[in-house]
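Everything below concerns the one structure shown next.
The values are calculated or read from the model by the stated rules, or taken from the named source; none is laboratory data. As the structure is a prediction and not an experimental result, all values here were calculated from the model. Note: ideal-geometry Cβ built from the backbone for every residue, glycine included; neighbour counts use all protein chains shown. For the accessible areas, the whole protein counts, side chains as well, though only heavy atoms, and no ligand, DNA or RNA atoms are used. Shrake-Rupley method; radii C 1.70, N 1.55, O 1.52, S 1.80 Å.
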Amino acid sequence: MAPETHSRSSRGHARRISISPEQRCQVIPVDGGPECPRRGYGDSPRRLCKEHRNQHTALYLAYKNSSKEVERVACEVVDEPDWSLSANWVASTVDKAIEVRKQYIAAIDAEIVGREEHRRRFIDEPDEGHAQWLDTLCSKRRECEAILVQLRRCQAHLFADQARRQRLEEARIAQEVEYRRAEEARRAEEARRAEEARRAEEARRAEEARRTTEVRRVEEIRRAEETKRRQHARQQLQEAQRRASDTSSRTYLTQSHQVHVAPNPVPATREVRATDPLLPRSMNVPIRSCFPQTPPVTQARYTTVRSNDVERQAAAQERSSSLACQILCLVLLATCAFLLFVYVVG
């Protein structure tokens, strides 16, 4: 029984139009559903209504675009490096190849799905070329999946190797940091020791300067004391000379008052130099002998003195002068010995 369609006349009343099976839309129902009751047009690949014709065109263009995408990605797959060379197993290259393979599989899947959907709705039995094309796509997909598995294994190996290298690099960096810290600590210790050595050297030099200054001060004090001792010894010697001279003068005056007549004048005063190799040159000064010069006595003044008294007084005067000279010599020798002792001890 042919299906009926309803249409409206010019007066607005609906009327029934019957459509024969040969004129209906020949689209294949989905999963055993009802057939399309609308009128079909054309015959390529079969009679279809306007809606299913548009669907046919959309599915056809979809799997054709997927096929073009497969061809485009296939060109990138062909441009992949030779994986038989270990030099090409680089992380960036492998990552890019994995992405290309994923796109290739996705494009093949899209083309296969589009062709199968198009075939289920519009083709009862696919031709031999269509079947071979689908087999070729499936074969390319299996091959691409096998290569993708190998690339992922390589990627995992590269990731592991990269992680190992990263750990080694981190260990190396940590070791370098530790070495740098140890080097800085060593340099700081050397700087500290150098600073301590410098301070010790400065302290040593300051101590040497202090000792040198102390030695110079002690030497100056010693020289000043020695100069004072020499001046004191010189003063004592001059005092002894002055005392000896005063003693000689007093002896002369005493004898000159006792003697009335001096037949022969006493020889002039002689200079005696007290030289001692142990005394300084400044202390070797001349001293007067104990023989004072007796002034001549006039004959007229002592005419009444007898000759024997004159001889007796002359002998007494000579003995007194000899005794005074001996005493003065002993005093001078004692003074020289004392000064020599002071010089040696000081």
Self-check item: Protection proxy ranking of 172-181, 66-75 - average other beta-carbon atoms within 10 Å, highest first
Solution: 66-75, 172-181
Exercise. Pull up all non-local amide H partners of Arg24: gap of 5 or more, or a different chain, and H-to-H distance under 5 Å with H placed in the peptide plane.
Key: Gly40
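Between Ala160 and Arg204, what length comes free when the chain is fully extended (0.36 nm per residue of separation minus the Cα-Cα distance, one decimal in nm)?
Details: separation 44, 0.36 × 44 = 15.84 nm, distance 6.42 nm.
Contour length minus the Cα-Cα distance gives 9.4 nm.
Over all pairs of distinct alpha carbons, what does the Kirkwood formula give as the hydrodynamic radius of segment 56-142, in Å?
Numbers: mean 1/r = 0.0699 Å⁻¹.
The Cα-based Kirkwood calculation yields 14.3 Å.
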Self-check item: Qualifying lysines (Cα of each under 18 Å from Cα of Lys102; at least 8 residues distant if same chain)
Solution: Lys68, Lys140
Practice problem: Give the calculated FRET efficiency between Ser84 and Ala131 to the nearest 0.05, with a Förster radius of 30 Å applied to their Cβ-Cβ distance. | Solution: 0.30
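At a 1.4 Å probe radius, which order do Glu128, Glu76 fall into by accessible area, largest first? Walk me through the numbers before you get to the answer.
On the way: Glu128 135, Glu76 70 Å².
Greatest to least solvent exposure: Glu128, Glu76.
Where does each of 187-197, 226-236 land if you order them by average Cβ count within 10 Å, highest first? Write out the running numbers ahead of the final one.
Numbers: 187-197: 10.0, 226-236: 13.6.
Output ranking for 187-197, 226-236: 226-236, 187-197.
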Quiz item: With all protein chains present and a 1.4 Å probe, how do Phe122, Phe159, Phe341 order by accessible area, largest first?
Solution: Phe341, Phe159, Phe122
